[in-house]
Amino acid sequence: MTKLKIKTGDTVRVTAGDDKGQEGKIVKVLIDKNKAIVEGVNMVSKHTKPSAQNPQGGISKFEAPVHISNLMLVENGETTRVGFRTEDGKKVRFSKKTDKAI
């Protein structure tokens, strides 16, 4: 299992693909698939049949997962790479641009 450098609640920017340049907050991280669902990014439409929960049916829009390699952490409005180090016996993430703990 690989250690991911982003987690739920982080603000990220998309660096590649159709949604390049968009920013959003991570809603969920799919660790096994190395993907994350980002708020308002990579929206897809799905046709839904009428059912008991949704008697009208129709087209529903939702966010599809984005691969983690296409996301970059945003700190103070700028993208930054993430590193790990130990401070006071604890493992912490830090910004490689500003060298500050996140």
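The values are calculated or read from the model by the stated rules, or taken from the named source; none is laboratory data. The model shown is predicted, which means the values in this text are computed figures rather than measured ones. Positions of Cβ are backbone-derived with ideal geometry, glycine not excepted, and every protein chain shown enters the neighbour counts. In case anyone asks, the SASA skips ligands and DNA or RNA and just uses the protein heavy atoms, side chains included. Shrake-Rupley method; radii C 1.70, N 1.55, O 1.52, S 1.80 Å.
Within the range 55-101, work out how many residues are open to solvent by 70 Å² or more (accessible area, probe 1.4 Å), polar (S, T, N, Q) and either under 27 Å from A16 (Cβ atoms) or part of a strand (DSSP E or B) (or both).
Residues flagged as open to solvent by 70 Å² or more (accessible area, probe 1.4 Å), polar (S, T, N, Q) and either under 27 Å from A16 (Cβ atoms) or part of a strand (DSSP E or B) (or both) within the range 55-101 amount to 3.
Looking only at the range 33-53, filter to residues that are in a loop (DSSP other than H, G, I, E, B) and open to solvent by 60 Å² or more (accessible area, probe 1.4 Å); which one of those is farthest from A16 (Cα to Cα)?
Taking the candidates together, the pick is A52.
Across the range 11-31, which residue is most open to solvent (accessible area, probe 1.4 Å) among those that are farther than 16 Å from M43 by Cβ, at pLDDT 95 or above and not in a strand (DSSP E or B)?
T15
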